[in-house]
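A short reminder: the numbers here are calculations on the coordinates, not readings from a lab. Quick caveat, the model's predicted, so the values are computed rather than measured. Glycine gets a Cβ as well: all are built from the backbone with ideal geometry, and neighbour counts include every protein chain shown.
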Amino acid sequence: MSYGSFTILCGVGVSGTLLEDMIAGAFKKKGYIVFTRRNHCDVLAVKPNMSLAYLVECKNYVLSRKKQLLAVRELNRNYTRALELLIQKRLCPEKILKVLVAKGFAYHARGILQYTPETFIQHVSS
């Protein structure tokens, strides 16, 4: 799937799994080891040199305060599940970044990177 059409798709409303697949595809193009929808994690991407990993929670809508609190809780819970998956696959990244991708946010969550889908795909692709 081309990422040029991503902006158009976001306006229409991309399904959650399509959003996850698009983000996973951007990581794969950059050579990351990528796991999608494994161990309750939407996307887990690891740099081949093990210097960095991204744990990404994808939401294809604007988050209200309550929904964002739930998404942050889910992301923090999935951190442990991501560690289990990494150990199982014998991957040991030095750092794991937690990322919440949504169309909008009610507040800035501490310790979590927040991106809109468009800006995150641009970030990964650059």
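On the given criteria, is Phe120 touching a residue at least 60 places away in the same chain (Cβ under 8 Å), of a type outside the set (D, E, K, R), surrounded by 15 or more Cβ atoms within 10 Å (Cβ to Cβ) and at negative phi?
So Phe120 fits the description; yes.
Could you give me the residue pairs with C-beta distances under 8 Å whose first residue belongs to the stretch 79-108 and is farther than 15 Å from Ile33 by Cα, whose second residue is part of a strand (DSSP E or B) and among the basic types (Lys, Arg) wherever it lies, and which are 6+ apart or on separate chains?
Note: pairs meeting the criteria are Tyr79/Lys98.
Spot the failing condition for Tyr54; the list is (1) free of Cβ contacts under 8 Å to residues at least 24 places away in the same chain; (2) crowded, with 16+ Cβ neighbours inside 10 Å; (3) among the hydroxyl-bearing types (Ser, Thr, Tyr), and only one is missed.
(1)
When the stretch 82-112 is examined, which residues are found to be surrounded by 15 or more Cβ atoms within 10 Å (Cβ to Cβ) and in contact with a helix residue (DSSP H, G or I) (Cβ under 9 Å, 6 or more places away or on another chain)?
Leu91, Pro93, Ile96, Lys98, Val99, Leu100, Val101, Ala102, Lys103, Phe105, Ala109, Ile112
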